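Readers should treat all values here as calculations from the given coordinates under stated rules, not as data from a laboratory. Being a predicted model, the structure only gives us computed values, none of them experimental. Cβ: placed from backbone, ideal geometry, glycine included. Neighbour counts: every protein chain shown.
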Amino acid sequence: MIEFINVSKVYGETVALLDVNCYIDASELVFLVGPSGAGKSTFTRLIYREEVPTRGAVVVDGVNVARMRRREVPFLRRKIGVVFQDFKLLPDKTVFENVAFAMLVTGASRREINRRVPEVLEMVGLADKHKAYPHQLSGGEQQRAAVARAIVNEPRILLADEPTGNLDPDTAWGIMELLLEINRLGTTMVIATHAQQIVDALGRRVIALRDGQIVRDQLQGVYHAR
Amino acid sequence: MIEFINVSKVYGETVALLDVNCYIDASELVFLVGPSGAGKSTFTRLIYREEVPTRGAVVVDGVNVARMRRREVPFLRRKIGVVFQDFKLLPDKTVFENVAFAMLVTGASRREINRRVPEVLEMVGLADKHKAYPHQLSGGEQQRAAVARAIVNEPRILLADEPTGNLDPDTAWGIMELLLEINRLGTTMVIATHAQQIVDALGRRVIALRDGQIVRDQLQGVYHAR
Amino acid sequence: MRANAWGYVFGEALRSLWRNGFMSLASVTTVAICLAVLAIILLVAVNLQYMASFVESQVEVVAFVDGSVDRAATRDLEARIEALPGVREAVFVSREAALERLKEQFGEHRDLLAGLEDPEANPLRDSFEVRLAGAQYAAAVAGELERMDGIEEVMHRQDVVDRLLAITQAVRTGGLVLVALLAAATVFIISNTIRLTVYARRHQVGIMKLVGATDGFIRWPFFLEGLMLGVLGAAVAGAAAWMGYDLVVETLTAAIPFIPILEQQPLLGNLMQLLLVLGAVIGAMGSTVSVRRFLRV
Amino acid sequence: MRANAWGYVFGEALRSLWRNGFMSLASVTTVAICLAVLAIILLVAVNLQYMASFVESQVEVVAFVDGSVDRAATRDLEARIEALPGVREAVFVSREAALERLKEQFGEHRDLLAGLEDPEANPLRDSFEVRLAGAQYAAAVAGELERMDGIEEVMHRQDVVDRLLAITQAVRTGGLVLVALLAAATVFIISNTIRLTVYARRHQVGIMKLVGATDGFIRWPFFLEGLMLGVLGAAVAGAAAWMGYDLVVETLTAAIPFIPILEQQPLLGNLMQLLLVLGAVIGAMGSTVSVRRFLRV
Ligand SMILES: Nc1ncnc2c1ncn2[C@@H]1O[C@H](COP(=O)(O)OP(=O)(O)OP(=O)(O)O)[C@@H](O)[C@H]1O
Ligand SMILES: Nc1ncnc2c1ncn2[C@@H]1O[C@H](COP(=O)(O)OP(=O)(O)OP(=O)(O)O)[C@@H](O)[C@H]1O
Ligand SMILES: [Mg+2]
Ligand SMILES: [Mg+2]
């Protein structure tokens, strides 16, 4: 489903990723761990093509996204739900509109939107905040709105960059269980996270980055190498 | 040092804080915990007067900040270092300039700034990123820049809103130890956090909020009530 | 696009106008002011052209008729003169009428001319006052007249005509240059302002792209928003210019009854159309072009 | 403020101009264009006033001298006329000179006037052509002249003067109104644009306040930035207007040598000063006032 082939990404003088190779199968769930600045966000950004690799190929669903034509990028992105580390909510749209927007771009009808959006907001526990604007939300509420937007289209791939960083442990587990449920239904998932407890408790595949290189790729992994 | 007297804060229909009373002594360190949307950020915002309470008094250093005149607010804020939950770095200033700005407003000299800022960036592990703009930093790096700005003036009070949410456990502990060190030197500290492991390991005072009310105030507290 | 998409485009444009109230207001007022200034200068320029033409139309060439031509033949002469290209009309002034005029000019010294009443004694000649379609024809018409049988002499001061033409030409050109400059300034300022309002939302455009919006999906609401801003501003400017012109025409014709000034209609109707088209085009183009810069995400 | 603070203010303003390159460019060009248009209209208006005055200065009143006044006494009369308020000069035209002029007017019919050379036969009178300080004095001067001893008759067509005055007055007022409108538009558009650039940075202003900056600390760099934007734009506009005026004056005086047009200096020097002051004031005020809205954090 997702393959990195000799991928390097250099920003000016900073080497964010260095010669990364890995393959993530359809329906897999991968935790991406590593210290601050290791290159986790860069890894996800290459998949939905916010960035293009300096060298190498990123193949998503059989296509090298680095070589993709500009016009095709939106269609790639519609297959991928993304929870951005900094949320990236649209500031002058309400929570409902933010989530609905991800459906609108796919050409969904009003009726579908009005059915699906409240459902998803209910799942992340934001049903009563649908009319609020992002600046009227707490940090954790914004994060959950970002999660809702990422899952609303039932994407084939879900990239979550630190999706529980602003959540208390109980809420974090709630969101995690939601994501696990979606993964069970077949969505490929890459979750960059620092939530040691969650990673350790679930024992799923873990890819550990350090200074832009993969230092560990374990099938039933934990947060810290033993 | 900080006293909340019958404080309520209402946003439209949302009651963010309800009749909160508490006293935090000089040099104390308090963890503010509670689920997403409990009112932790609102609690801190009232102290540095980003918001004024709907009812009640917030007394900081002997002054009711709710009644403070507009001209005096900057001087209150210079006594208080704040790590904002969303960082609030200035987008068109470099890391160095962002940290330096907090010193500039106090009227510090160029020489003091050039001595102190690299020192603080070193403490948070950002020495090599001082020329980077915020959008060129990883999430954790932005968070550490925010911490650096909050501590650069050696403030009498430090409010940290989720200061380790975007940090891996090791880096998070590094930052936490830095804050503990600063607290040992006499700075009063309020840390809103979801880092259960840190709160549990340190056994310091914990104030737990839920739906805007204090549900627990424990001197040697842990994250979850037992 | 399907019906739903059009609904989205309209809804989105309107919501954006409303939620970015400050910026919308700033751009509408800028559009309105720019177009109003353009409209005023345009009205002034158009009227200057009109006045120039009016003044030029006052130029005439006087042709003295040969003494041998009898009165009956002058009818024929008149027809031939009026057939010349550039001639609007030819007015016959008999030698008797000419004498009357001279007397009037002499005023109380008219007794000097006593005794000339006798047709035989009248030393003046029949003449035609030839009115032109435009002052630029003066030289050509004068030449033609001189070659004409039955015309003895042509009175025509090319230096005076040239002077006049130089002035009216300067007025025409000046007006045109001014309007052109102002039109360019208007286009520039309006699109500059709209560019600033789009620039303020560049991050939002980036986010939209990141969640899978196509360029078109983002661009259409901006297009429509720019169009609405432009049309709104143009309507305000047009209304202001309309009322202003009414007022000025009233005041001016009261103060200077003889002033050649263009009627309100169809001038103002055309102006209104022009402004609306201009506002719509600059607004829509401005915002669409500006947003393109931020679509490369 | 201390030295360090001034250093900060300057550094900050310059950095901000540079780092917000797009917005700085947009506002400088807007300022430049607005002020250039204002400058052009101002130059046109000033020249129209000048032309109006020139035309008005051509109005004269003719006073015929009583036949009983001898030539020696006319000197005294001339002095008395020139002492009248509103009179610029009085030019004596003897009856002989008047006859010469009449003959010239008659052209080839001058033989009609033969025999009038004899001083006794000359029916014309000595006269003064009285030039005025302004056309508005015509009626008053004519009245004074009529009451004057030694003046037999005054020739003065108040209707013509009134017509002329109505036109020149309209030109003056029109120019003034246009300049006033344009000045208002300029102020509005420039401050609107600057407001937009400040608006785009409102969150940054909020952050600055949250880390303890006083209003003044934030406002001064904005003040200076606005000032620099305004002055830069004004300099560009001034230079453009300067070169444009040179060109126009050259072209016009070549095409219409007799045209009354103002010399480049001191006009352009004054204009440049005016533009710089305007740009500085609007720029500095605009950004300072705009930023105030976002300081309430
Ligand atoms: N646009 C950019 N320009 C320059 N350097 C960048 C840019 N984006 C990221 N970097 C650098 O690349 C490195 C990797 O960044 P990345 O965001 O991938 O880290 P991360 O693993 O997500 O860290 P965190 O856990 O702190 O979010 C960091 O050192 C960062 O400073
Ligand atoms: N400006 C605002 N307008 C309206 N409601 C607001 C505003 N700010 C906060 N709220 C609401 O007030 C409540 C408390 O918010 P607060 O940010 O204090 O929560 P928190 O405890 O910091 O949560 P988190 O852990 O998610 O950051 C939330 O329900 C939030 O939606
Ligand atoms: Mg990251
Ligand atoms: Mg919070």
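Quick notes on this structure:
- Helix D:138-147 and the longest principal axis of the Cα set of chain D meet at an angle near 30°.
- Only Lys, Arg, Asp and Glu carry charge here, each on its Cβ (+1 for the first two, -1 for the last two); on that basis the protein assembly as shown has a dipole of about 8400 debye about its Cα centre.
- Legend: mean number of C-beta atoms from other chains within 10 angstrom of residue C-beta atoms, peptide C:12-20, equals 2.
- Based on Cα contacts under 8 Å between residues 6+ apart, segment B:90-154 shows a relative contact order of 50 percent.
- Within segment B:72-110: backbone nitrogen closer than 20 Å to the D:LEU14 label point (7 Å, Cα to C-beta): B:92-98, B:100-101, B:104-105, B:109-110
- For the pair A:SER27 and B:ALA201, a Förster radius of 30 Å applied to the C-beta separation gives a FRET efficiency near 0.20, rounded to the nearest 0.05.
- Test item: C:209-222 mean partner chain Cβ contacts at 10 Å: 6
- For trypsin sites (Lys or Arg not before Pro), the sites in segment A:63-140 that DSSP calls loop and that have at most 13 other Cβ atoms within 10 Å are A:ARG69, A:LYS131.
- Ranking B:ALA145, B:TYR133, B:ALA100 by Cα position along the charge dipole of segment B:90-154, where only Lys, Arg, Asp and Glu carry charges on their C-beta atoms, puts B:ALA100 farthest toward the positive end.
- For chain D, size of Cβ-based charge dipole, Lys and Arg +1, Asp and Glu -1, in debye: 3660 debye
- Simple spin-label estimate for C:PHE54 and D:ALA184 gives 2.7 nm between the two label positions (7 Å along the Cα-to-Cβ direction from each Cα).
- For chain C, the relative contact order works out to 30 percent when only alpha carbon pairs closer than 8 Å and six or more residues apart are counted.
- Helix-derived mean residue ellipticity, 222 nm - over chain C, DSSP H n ≥ 4, -39500 (n - 2.57), to 500: -24500 deg cm²/dmol
- Bridgeable lysines around C:LYS103 (alpha carbons under 30 Å apart, same-chain partners fewer than 8 residues away excluded): D:LYS103.
- Against the main long axis of the alpha-carbon atoms of chain B, helix B:139-151 sits at an angle near 80°.
- At R0 = 45 Å, FRET efficiency that the Cβ-Cβ distance of C:MET148 and D:ALA73 yields, to 0.05: 0.20
- Rounded to 10°, Cα long-axis angle of helix D:215-255 versus longest principal axis of chain D: 30 degrees
- Distance-filtered residues of segment A:17-53 - backbone nitrogen under 19 Å, label point 7 angstrom along D:PHE22 Cα→Cβ: A:50-51
- Label distances, nm, D:ARG163 versus same residue in remaining copies, Cβ-directed 7 Å point: 1.7
- Placing +1 on the Cβ of every Lys and Arg and -1 on the Cβ of every Asp and Glu, with nothing else charged, gives chain A a dipole about its Cα centre of roughly 760 debye.
- Positive end of the dipole of chain D (Cβ unit charges, origin at the Cα centre): among D:VAL31, D:VAL154, D:ALA183, the Cα lying farthest that way belongs to D:VAL31.
- Over chain A, relative contact order from alpha-carbon pairs under 8 Å, at least 6 apart, %: 28 percent
- For the peptide B:163-173, the mean number of other protein chain Cβ atoms found within 10 angstrom of a residue's Cβ is 5.
- Residue-averaged 222 nm ellipticity for chain A, from DSSP H runs of 4+ at -39500 (n - 2.57), nearest 500: -10000 deg cm²/dmol
- Among C:LEU77, C:GLY212, C:ALA237 - extreme Cα towards positive end, dipole of chain C, charges at beta-carbon: C:GLY212
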